[in-house]
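Quick one: the structure is below, questions incoming.
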Number of protein chains: 2
Amino acid sequence: MANHEIFDCGDVTLQSGKVLPAARLAYRTHGRLDAARANAIVYPTHYSGTHDSNAWAIGPGMALDPEKYFIIIPNMLGNGLSSSPSNTPAPDAGPAFPAVTVRDNVLLQHRLVTELFGITTLQLVTGHSMGAQQAYQWAALFPDMVQRVAPFCGSARTSRHNWLFLEGCKSALVADAGFADGRYTVPPVRGIRAFARVYAGWAWSQTFFRQRLDIEKLGLASMEAFLTQAWEPSFLAHDANDLLAMLATWQAADISADPRFGGDLAAALAAITAKAIVMPCRTDLYFPPEDSEIEVSHMRDAELRVIPSVWGHMAGGGINPEDAMFIDAALKALLAR
Amino acid sequence: MANHEIFDCGDVTLQSGKVLPAARLAYRTHGRLDAARANAIVYPTHYSGTHDSNAWAIGPGMALDPEKYFIIIPNMLGNGLSSSPSNTPAPDAGPAFPAVTVRDNVLLQHRLVTELFGITTLQLVTGHSMGAQQAYQWAALFPDMVQRVAPFCGSARTSRHNWLFLEGCKSALVADAGFADGRYTVPPVRGIRAFARVYAGWAWSQTFFRQRLDIEKLGLASMEAFLTQAWEPSFLAHDANDLLAMLATWQAADISADPRFGGDLAAALAAITAKAIVMPCRTDLYFPPEDSEIEVSHMRDAELRVIPSVWGHMAGGGINPEDAMFIDAALKALLAR
């Protein structure tokens, strides 16, 4: 049973100049929009996630309280619910699906928020990982609309090292001849498994495994169980072209890729007027805190709060209660400003 | 022109109980053994390296001074010069090549040192990465023989996270159906390229790429050049089964896998009597300094010297002059004790 709605965007001209016909944005909302249309929060999804992946951060008494706020979760293009290689008809299906950017995502989300709901101000935009990249993009594109921004375990521009990690994952997938340049008729299972195994090494920290938290906290009996019971099924649930479409969005993420900024990241960050709390995880291997620190140094009203966790990038995934509470406390503090 | 010698070991029973027939150890020496046979140093090779990869650390005026020391560089099994899947005749060729351990390597090296050269004391055993793992193994197996040990960017036991990184590389290679479970007739080029691209993300640090040192120090014009001109050719020069044989040795590395220690790493480290300087690199992503710190805490006479570099694991590769000098200075200090 689908627990989301679809916003039909019509034919959309993308940042690349190509057209995505009959674009669809899947979304879910929590709570009710108030009469002044002034209590909305946007909370985009992360890589390979859906609106359900964000549910952990929403609940009564939490920062994202549906009794207080109207929380909109737009699904990222490519995730299999919004327009994606796997659900777009020919001639734009599969490997022919046009490349979309974080900016393309946010412009459609902006249409959803303004055209469908008539919202002109957002109390907060927040998100994890690629969700954080979309939050940065929102704040840079719509400074008059976004009152607060809280990116966690993400970046305003994909770093060169992050690009390289993703390139390794991609290479593993396409090494499977069954991928056939995206024109497979049966899923390239071998390639997706390899993709999952490469990815798994990056998502947690060295210390997470040294402390055997995969066994003691996640309850997976062995490293092989960790791979075959957790990581491989998680990615095998996705279409391979969808995985690569989202990966390409990630590799190209850059809020400064805009005529106003001409690739000047510092200028793009300085254009953000929202009150901000930026939360990298101390042990994140692909969004390391150093990058967030540099970003914060260019922002007008931003605080750096490093999540003191050994869960690496997954500190932002809501699995570890301590990390979830850390993020929730920061969101509460920011919403109170 | 080969610049190495071969030590024929005959049929060797391995740690697994299997027999490697007509085992061969390729080695190179620098300098001359003195009359007392008391000036020898052993300096094993790292993953996918040969004796030539170690040459940077040897020279007049350096710690490893061939005018003073007799420096023996044994090539690791699986590297294509010592016994390997690629150079062993049927029925032990290719994928049938038996699994060898770091301990198997060191026991053959011990035979080379004692039987061929009549050496009973070693001034130093040192090495980078898997070379460091062999150095640890030497010191744990032959405490009466090894006077000093200096592992850099390595470990006494492969960590669970390090195992996972390697598993990702392996998965990318074998995702290529052309690998055919090791029974390929033409090299599985697509898989080896994927292997190289996965590996590349781990070998350097996030900061290395943030500072664009790949461009400014290595002279590679772009990330794609970095991959296609440096990493892919480096691994394409190897046989795929050789790469996987060395990888299996690495994944299983553990000086405590010994009846004397029964898997107790602290006990195995405490059995080391050699004076030691252990040198992790501050930004090494697979041999992080935390692991070295734990190791040092269990050793009797060990000093931790963290290489203050952003070159990640490659700080131990001799490419960056500052790091090479740091290691050389530590080796000099250790040899002076």
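Just so you know, all these numbers are worked out from the coordinates, no wet-lab data involved. In this text, all values refer to a predicted model and were calculated from it rather than measured experimentally. Methodologically, a virtual Cβ is constructed for each residue, glycine included, from the backbone with ideal geometry; neighbour enumeration extends over all protein chains shown.
For the range B:162-247, with the dipole built from +1 on Lys and Arg beta-carbon atoms and -1 on Asp and Glu ones, taken about the Cα centre, which of B:169, B:211, B:226 lies farthest toward the positive end?
Value computed over the given set: B:211.
List the trypsin sites (Lys or Arg not before Pro) in the range A:36-125 that DSSP assigns to loop (not H, G, I, E or B) and whose Cβ has at most 15 other Cβ atoms within 10 Å. Which are they?
Working: sites: A:37, A:68, A:103, A:111; in loops: A:37, A:68.
Sparse-neighbourhood loop trypsin sites (Lys or Arg not before Pro): A:37.
What does the convex hull of the Cα atoms come to per residue for the range A:28-77, in Å³? Walk me through the numbers before you get to the answer.
Numbers: hull volume 3.3 nm³, N = 50.
Cα convex hull per residue, to the nearest whole number: 66 Å³.
Take residue A:186 and residue A:221, extend 7 Å from each Cα along the Cα→Cβ direction, and tell me the distance between the two endpoints in nm.
2.9 nm
Where a Cα-Cα gap under 17 Å defines reach, which aspartates and glutamates qualify for residue A:170, not counting those fewer than 8 residues away within the same chain?
Cross-link targets: A:181, A:232, A:239, A:242, B:167, B:176, B:224, B:232.
Average partner chain C-beta neighbours within 10 Å, per residue of B:198-204? Intermediate results must be reported in sequence, preceding the final value.
Working: counts 13, 1, 5, 14, 6, 0, 2.
Taking all residues of B:198-204 together, the mean is 6.
Give me Rg/Rg_expected for the range B:162-247, where Rg uses Cα atoms only and Rg_expected = 2.2 N^0.38 Å with N residues.
Numbers: Rg = 13.7 Å, N = 86, 2.2 N^0.38 = 12.0 Å.
Rounded to two decimals, the normalised Rg is 1.15.
After finding the eigenvalues of the alpha carbon gyration tensor for the protein assembly as shown, what semi-axes result from the square roots of 5 times each, listed largest first in whole Å? All intermediate terms of the calculation are to be shown ahead of the outcome.
Details: eigenvalues 508, 138, 90 Å².
Listed largest to smallest, the semi-axes of the protein assembly as shown are 50, 26, 21 Å.
Can I ask one more? So how strong a dipole does the range B:221-272 carry about its Cα centre when Lys and Arg Cβ are +1 and Asp and Glu Cβ are -1, to the nearest 20 debye?
160 debye
Which GluC sites (Glu not before Pro) in the range A:283-337 pass both tests, a DSSP loop state and at most 11 other beta-carbon atoms within 10 Å? Could you put the intermediate results ahead of the total?
Values: sites: A:290, A:293, A:295, A:303, A:322; in loops: none.
When the GluC sites (Glu not before Pro) of the range A:283-337 are filtered for loop state and at most 11 Cβ neighbours within 10 Å, nothing remains.
On to the next question. Set Lys and Arg Cβ to +1 and Asp and Glu Cβ to -1, take the dipole of chain B about its Cα centre, and tell me which of B:94, B:270, B:198 lies farthest positive.
Of the listed residues, the answer is B:270.
Let me ask you something else. Relative to the Cα centre, what is the charge dipole magnitude of chain B, using +1 at the beta carbon of each Lys and Arg, -1 at the beta carbon of each Asp and Glu, and rounding to the nearest 20 debye?
Dipole size: approximately 160 debye.
Let me have the 222 nm mean residue ellipticity of the protein assembly as shown computed from DSSP H runs of 4+ only, each contributing -39500 (n - 2.57), with the sum over all residues rounded to the nearest 500.
Details: 22 runs with 218 residues, N = 674.
After summing the helix terms and dividing by residue count, I get -9500 deg cm²/dmol.
Can I ask one more? Can you pull the three principal axis extents for the Cα set of chain B, in Å, largest first?
So the three principal-axis extents are 53, 50, 43 Å.
Along the charge dipole of chain A, pointing to its positive end and built from +1/-1 on Cβ of Lys, Arg, Asp and Glu, which listed residue (A:62, A:185, A:313) has its Cα farthest out?
The residue sitting most towards the positive pole is A:62.
So what's the gap between the Cα centers of the range B:212-290 and the range A:312-337, to the nearest angstrom?
Computed from Cα coordinates, the inter-centre distance equals 35 Å.
Cα centroid distance between the range A:57-89 and the range A:96-127, in Å?
A separation of 11 Å, based on Cα centres.
Next question, about the same structure. Nm distances between the label at residue A:36 and the same-position labels in the remaining copies, 7 Å along Cα→Cβ, shortest first?
8.8
What average number of partner chain Cβ atoms lie no more than 10 Å from the Cβ of the residues making up A:282-294? Show your work: numbers first, answer last.
On the way: counts 0, 1, 1, 5, 2, 1, 5, 0, 4, 3, 0, 0, 1.
Partner Cβ neighbours, averaged per residue: 2.
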